Amino acid sequence: MTIDQQTTFADVFGYDPTVRYSAPGRVNLIGEHTDYNDGFVLPFAIDRRTTADIAVREDRLLRVASAFDPDGGIHEVSLDALDPATMNGWSTYVFGIAWALQDRGSDLSRATGLDVFIDSDVPVGAGLSSSAAIECGAALAFNDLWDLGLDRPALARIGQFSENNAVGAPTGIMDQSASLLGAADSAVFLDCRSLDAEVVDLGFAAAGLELLVMDTNVEHAHATGGYAARRASCELGASTMGVPALRDLAVSDLHRAEELLDDETFRRVRHIVTEDQRVLDTVRTLREQGPRAIGELLVRSHESMRDDFEISVPQLDLAVEVALREGAVGARMTGGGFGGAAIALVDQAERERIGTAVSAAFAEAGYTAPTVFVVHAAAGARRD
Ligand code: ADP
Ligand code: MG
């Protein structure tokens with residue numbers, strides 16, 4: 001059969017599901033490339049979710065289908081033969097979670113098989129982490145239905161372990177933490193070294209503010225090489241400075257860093273060190289002064305990524321520049337860089353005008369039209 005966006009669990013499996021779990025994508029408010037430097041990030045879960053409709057089977061088969069899969073069809077694996085080497089394609093994001101649970105010590109010997117149908121309104125590959133949404137929905141569902149007793153931080157680590165080792169993507173734990181720990185109108189302040197996470201009130205709704213996502217639709221062309229090069233610079237910077245990670249440097253150490261490091265490595269280090277400080281400042285500012293006061297920090301973050309870390313592209317710079325010119329409280333590129341999306345914190349009443357201005361500026365510059373939409377900070381993964 002051909003599976004499309006209208007397809008349901010019943011169309012694929014021929015009977016009705018008994019339970020639905022869902023998990024959100026995320027956007028990172030501030031703290032970019034700080035995760036692999038043991039630093040701080042401040043993402044929030046968004047009101048775009050991946051759902052998993054599920055029914056329990058009587059055997060040991062785990063079967064999945066997705067509305068997203070153009071070829072349609074049901075993918076299946078036996079719970080007695082979970083092995084990443086035999087997994088491929090999108091279903092690895094689900095099967096990998098079952099494998100990771102088992103590999104990390106959960107006893108699945110009495111777990112029942114499941115039929116799972118995935119649907120999602122998290123755009124894929126737009127930097128909103130559709131991958132964490134599918135992983136965290138699966139992780140919460142399996143933990144619940146198989147009665148494994150893991151808490152949410154443990155499930156976040158399972159999601160990351162699966163993405164690193166079953167899917168094979170060397171990502172941090174930010175996305176899964178946001179998807180599992182998020183709450184309405186709140187961000188997740190995460191210490192990537194201790195993995196301590198704290199929910200921080202954003203207060204956007206009370207202040208009449210919204211977050212505009214401006215997806216440039218620029219492919220992350222240099223993302224892989226650029227990402228590896230940035231990581232290498234950060235490692236060189238830390239080892240030259242004699243610290244385990246750049247997290248261990250303060251802004252006051254930058255004088256010494258400038259003397260010891262070549263210009264490029266120094267600027268990479270300066271981005272990370274100042275970005276960590278900006279995350280801490282953003283959390284404090286949100287608590288003490290509210291969300292209108294964080295605009296300047298967002299702008300400084302963008303400038304640091306553009307000039308010091310050099311991961312922006314002209315389309316991201318233009319989106320930020322136009323949003324600010326049109327009155328956004330703050331704006332910055334978000335995500336790994338080399339393409340992807342920028343965000344702008346805007347007054348609710350201004351969002352149409354600012355979005356239209358950004359689209360017009362892209363047309364004038366001859367760039368591919370951006371996709372502009374609003375996200376709200378929403379609840380984390382749950383049983384619906
Ligand atoms: P993102 O930035 O959206 O997380 P990734 O490349 O990390 O991008 O993850 C996207 C991949 O996750 C897709 O290519 C697909 O394999 C999987 N995925 C995401 N959402 C779904 C879905 N609804 N159904 C099936 N697979 C999905
Ligand atoms: Mg992803």
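Within the range 169-187, is there a residue that is within 16 Å of ligand 2 (Cβ to nearest atom), within 30 Å of D59 (Cβ to Cβ) and surrounded by fewer than 22 Cβ atoms within 10 Å (Cβ to Cβ)? Checked the range 169-187: no residue is within 16 Å of ligand 2 (Cβ to nearest atom), within 30 Å of D59 (Cβ to Cβ) and surrounded by fewer than 22 Cβ atoms within 10 Å (Cβ to Cβ). Name, by its number, the condition in (1) of a type in the set (A, V, I, L, M, F, W, C); (2) in a helix (DSSP H, G or I); (3) modelled with pLDDT under 95 that does not hold for F338. All conditions pass for F338, except number (2).
Those residues that are assigned to a helix (DSSP H, G or I) and touching a strand residue (DSSP E or B) at 6+ places or on another chain (Cβ under 8 Å), I need them from the range 118-134; list them, please. It would help to see each step written out before you state the result.
As a first pass, look at the range 118-134 and keep what is assigned to a helix (DSSP H, G or I): 130-134.
Within the range 118-134, S130, A132, A133, I134 qualify.
When the range 11-45 is filtered for residues that are open to solvent by 10 Å² or more (accessible area, probe 1.4 Å), in a strand (DSSP E or B) and away from ligand 1 (no atom under 16 Å from the Cβ), the ones remaining, listed by number, are V19, F40. Taken as a whole, the range 204-218 holds no residue that is among the hydroxyl-bearing types (S, T, Y) and either open to solvent by 50 Å² or more (accessible area, probe 1.4 Å) or out of contact with any Ser or Thr (no Cβ under 8 Å at 6 or more places or on another chain) (or both). For the structure I just gave you, tell me whether R152 is in the same structural domain as G355 (by TED's automatic domain parsing), open to solvent by 20 Å² or more (accessible area, probe 1.4 Å) and basic (K, R). No: the conditions fail for R152. Does V77 fit the bill of being away from ligand 2 (no atom under 16 Å from the Cβ) and either basic (K, R) or free of Cβ contacts under 8 Å to residues at least 60 places away in the same chain (or both)? Judged against the criteria, V77 is a match.
Can you tell me which of T356, T368 is open to solvent by 10 Å² or more (accessible area, probe 1.4 Å), part of a helix (DSSP H, G or I) and out of contact with any Gly (no Cβ under 6 Å at 6 or more places or on another chain)? Quick ask: steps written out before the conclusion?
On the way: T368 fails: part of a helix (DSSP H, G or I).
After applying the criteria, what remains is T356.
Residues to consider are V218, V279; find the one that is part of a loop (DSSP other than H, G, I, E, B), touching a residue at least 40 places away in the same chain (Cβ under 8 Å) and under 30 Å from V124 (Cβ atoms).
Result: V218 is the single residue among V218, V279 that is part of a loop (DSSP other than H, G, I, E, B), touching a residue at least 40 places away in the same chain (Cβ under 8 Å) and under 30 Å from V124 (Cβ atoms).
If you go through the range 101-152 and pick out every residue that is acidic (D, E), more than 16 Å from D53 (Cα to Cα) and within 16 Å of ligand 2 (Cβ to nearest atom), you end up with 0.
The values are calculated or read from the model by the stated rules, or taken from the named source; none is laboratory data. Please read these numbers as outputs of a predicted model, since none were measured by experiment. Ideal geometry is used to build each Cβ from the backbone, glycine not excepted, and the neighbour counts take in all protein chains shown. Note: areas computed on protein heavy atoms with side chains; ligands, DNA, RNA excluded. Shrake-Rupley method; radii C 1.70, N 1.55, O 1.52, S 1.80 Å.
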